Amino acid sequence: AQTIHQWPVAEIKAVGSPLSLGCTIKGKSSPNLYWYWQATGGTLQQLFYSITVGQVESVVQLNLSASRPKDDQFILSTEKLLLSHSGFYLCAWSLDWSNTGQLYFGEGSKLTVL
Amino acid sequence: GDSVTQMQGQVTLSEDDFLFINCTYSTTWYPTLFWYVQYPGEGPQLLLKVTTANNKGISRGFEATYDKGTTSFHLQKASVQESDSAVYYCVLGGANTGKLTFGDGTVLTVKP
């Protein structure tokens with residue numbers, strides 16, 4: 001069975017500090033990977049997607065970056081946090097590349113920027 | 001671009017009440033439509049999926065139907081339970097690479 005694990009579960013960070021959030025998928029080779037952001041009480045917005053190691057595409061510009069250093073790992077980061085970065089970050093994977101496929105989300109990482 | 005509009009932001013029901021949540025969508029592609037459900041502190045999970053080949057989906061007592069003519073997509077359940085309390089998202093799968101468009105969500109609260 002496939003599992004998706006996100007870390008950390010929650011972070012409280014200062015404005016201007018760096019951030020790194022991670023996501024690991026086990027039990028599925030070459031998954032399509034996604035990062036989503038959810039403001040408190042808001043809807044989900046796709047940030048990045050990756051279909052293969054080393055390749056990441058940005059969907060929206062939020063002063064964040066993403067990398068896929070390994071087939072099963074997806075990293076979201078920034079060197080300088082903004083207050084607007086607060087929210088819930090969700091990693092997801094899918095089996096196929098068409099949008100008829102299902103997304104499997106992780107448990108999320110809650111970020112509070114003060 | 002693709003868009004999804006959910007009509008109800010909040011719905012409060014009592015157990016055994018009938019649930020109906022509607023949304024409308026706009027896309028230039030032949031869509032696949034989803035309902036995702038999110039429980040507090042968790043990531044969303046797929047509840048139902050409907051494609052243009054079959055305009056109805058059923059899962060866990062929920063039924064989703066879409067109308068291509070009116071570009072509307074709704075979710076219903078005959079008798080809700082307190083455990084159904086969650087946020088329900090109408091989601092549009094479009095033509096672009098891996099991009100799903102989420103609606104704003106409907107917060108369902110079911111009182112015992």
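State, to one decimal in nm, how far the label point of A:Thr40 lies from the label point of B:Thr109, with both points 7 Å from Cα in the Cβ direction.
Those two pseudo-labels are separated by 1.8 nm.
In the full protein assembly as shown, how much of B:Ser3 is accessible to a 1.4 Å probe, in Å² to the nearest 10?
Number for this one is 50 Å².
Can you give the mean number of other chain Cβ atoms that lie within 10 Å of the Cβ atoms in peptide B:49-56?
Per residue, the average neighbour count from other chains is 1.
To the nearest whole number, what is the average tally of beta carbon atoms from other chains within 10 Å of the beta carbons of peptide A:31-43?
3
Placing unit charges on C-beta atoms (Lys and Arg positive, Asp and Glu negative, everything else neutral), compute the dipole magnitude of the stretch B:1-108 about its Cα centre in debye, rounded to 20.
Value, rounded to 20: 480 debye.
Across peptide B:102-112, what mean number of C-beta atoms from other chains lies inside 10 Å of a residue's C-beta?
Per-residue shielding by partner chains comes out at 2.
Given charges of +1 on the Cβ of Lys and Arg and -1 on the Cβ of Asp and Glu, with all other atoms neutral, how large is the dipole of the protein assembly as shown about its Cα centre, in debye to the nearest 20?
400
So which lysines can B:Lys111 reach, going by Cα to Cα under 25 Å and dropping same-chain residues fewer than 8 places off?
Excluding near neighbours in sequence, the set is B:Lys77.
Under unit Cβ charges (Lys, Arg +1; Asp, Glu -1), what dipole magnitude, rounded to 20 debye, does chain A have relative to its Cα centre?
Charge dipole of chain A: 140 debye, to the nearest 20.
The values are calculated or read from the model by the stated rules, or taken from the named source; none is laboratory data. Just so we're clear, the structure is a prediction, and the values are computed from it rather than from any experiment. So basically every Cβ, Gly included, is an ideal-geometry build from the backbone, and we count neighbours across all protein chains shown. Surface accessibility is based on the protein's heavy atoms, side chains included, excluding ligands, DNA and RNA. Shrake-Rupley method; radii C 1.70, N 1.55, O 1.52, S 1.80 Å.
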